[in-house]
Each structure stands twice: as C-alpha cells, then as structure tokens.
Amino acid sequence: LAKTTQPISMDSYEGQEVNITCSHNNIATNDYITWYQQFPSQGPRFIIQGYKTKVTNEVASLFIPADRKSSTLSLPRVSLSDTAVYYCLVGDPILTGGGNKLTFGTGTQLKVEL
Amino acid sequence: DVKVTQSSRYLVKRTGEKVFLECVQDMDHENMFWYRQDPGLGLRLIYFSYDVKMKEKGDIPEGYSVSREKKERFSLILESASTNQTSMYLCASRGSYNEQFFGPGTRLTVL
C-alpha cells in the first residue's frame, strides 16, 4: 500500500484559500487519491477522490500532477467550521478482499481562526 | 444517503468483561471495517470483512475478534477487555468507488 506524508498541522484565517499537500511517492498505477475530513468526536467524512489532473466538487478541489507522486487538496475561502483533521489516502478502488483496505495516517490538523 | 450506525456512543466496561460493539449499514455494502482511533496515532485498522462470514486481520487485531453473520451487520468483540483498549472505535462500510462511510463512533472506557 502506498504510504502518504502530509503536514501535521496548518493554520489559516477565515476567507483564505487553504492548500494541503500530500506526498505519495510509491503510488501504484491503479491507485486513486482520496481525502477525508474529520471533526472532533465524529467519524471521518469522504470529501473528494481523483486519479489525475484536477477534480472539483462543491466542497473542494483536488490537484494531481502528471507524475501523481503528490496531490493537493484545495479548500476555497475557509470558515471556522472547516477546522478539522484532513486525511490523504491512496488505494485501488477496484480491488476486493484483502487488497481493499485503506490506511489512514495521522492527517493534517487544520485550524481556522477569525 | 448511506447510513452507518453504531450501537452505543459511549460505553464503560470493567477489565475482563466481554464487550460487543455493533455496527449496521443500510446500503448493502459488501465491505465493512473496524478502526480504533487514539490521540497522535490516527486511525488504525483492526479487522475488515469483504463478505458475510469473511474477515481479515487489519494492522492491530490482537485482543479483538469480529463477526459478520449478516451483510448489514459487523460486530467487534473484545473477549476480555483491558485498559489499553480504552479508545474511540469507528466502523465503516465501503461504497462503489472505495469511499468509506463512517459511523459516529463508540467511545469505550475500560476501568
């Protein structure tokens, strides 16, 4: 399974754009990149998933360069409610059985202030 | 929306007790997972199941067992609870694109 590395913490202010970068140097050909958000005392919540280039949804954008060895989660105009832990994971969405598990790291604690 | 429910939000047990944590999902997902989460350690996979009666060990299975008798239900069992099993326990089921849907978690305290 591809190992990921991301910053332990980041600080920002309301209204700013936040970019969290994740390194995954040994990503496999069939792996997708997925980001989750977790608030205190809740389970993680799926945010966005992508394979290459750029993916955008109502919550965030995901930028993946051509070599796919890193990815950047972009949160536009953050608010206090975006304060959470953000996890980057890589894995093959097609695999079943024993190959299916994803590995969560310790994530990035984003703190948004006024 | 996918709904994953866990039997308790908070649970307090004594050392040596047998503890059952129940998880139910309503989307007919084949794959289900149990994690524990501790400060500074992130989420760690205990066990997962990719079909009824099928299970595989995750990264930290010691001291735990699981049961998957029906597709919608995945149970985590602590045969003899110990204080080092005090933790937040999270259940998840896997969707079609490998996204995982998590339950609200059970905060277990073992005294």
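Read-outs throughout are calculated quantities, based only on the coordinates presented, and are distinct from any laboratory measurement. As the structure is a computational prediction, the values presented were derived from the model and not from experiment. Cβ coordinates were reconstructed from backbone atoms using ideal geometry, including for glycine residues, and neighbour counts include every protein chain displayed.
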When you look at the Cβ of every residue in B:93-100, what mean number of other chain Cβ atoms sits within 10 Å? 6
Arranged from highest to lowest average of other beta-carbon atoms within 10 Å per residue, in what order do the peptides B:69-76, B:54-61, A:30-37 appear? A:30-37, B:69-76, B:54-61
Within a 10 angstrom radius of each residue's Cβ in A:39-51, how many Cβ atoms of other chains show up on average? Whole number is fine. 4
Take the cross-link list A:LYS69/B:LYS70; B:LYS3/B:LYS53; A:LYS54/B:LYS57; A:LYS69/B:LYS53; B:LYS18/B:LYS53; A:LYS54/B:LYS3 and give me the ones stretching past 32 Å between alpha-carbons. A:LYS69/B:LYS70; A:LYS54/B:LYS57; A:LYS69/B:LYS53
Net charge, A:GLN38 excluded, C-beta distance under 13 Å - Lys, Arg +1, Asp, Glu -1: 0
Roughly speaking, what % of Cα-Cα pairs in chain A are separated by over 23 Å, rounded to a whole number? 25
How large are Rg and Dmax for the stretch B:53-106 when only the alpha carbon atoms are used, in Å? 12.3, 37
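Is there a simple number for the mean count of other chain Cβ atoms within 10 Å of the Cβ of residues in B:45-51, and what is it?
Taking all residues of B:45-51 together, the mean is 3.
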Cut-off of 10 Å, at most 16 other beta carbons, DSSP loop: longest stretch of chain A lacking such trypsin sites (Lys or Arg not before Pro): A:4-51
Once the Cα atoms of chain B are picked out, what are the Rg and Dmax in Å? 13.0, 40
Which value in Å is the Kirkwood Rh of the protein assembly as shown over different Cα pairs? 18.1
Counting DSSP beta bridges with both partners in the protein assembly as shown, what percentage is antiparallel, nearest 5? 90
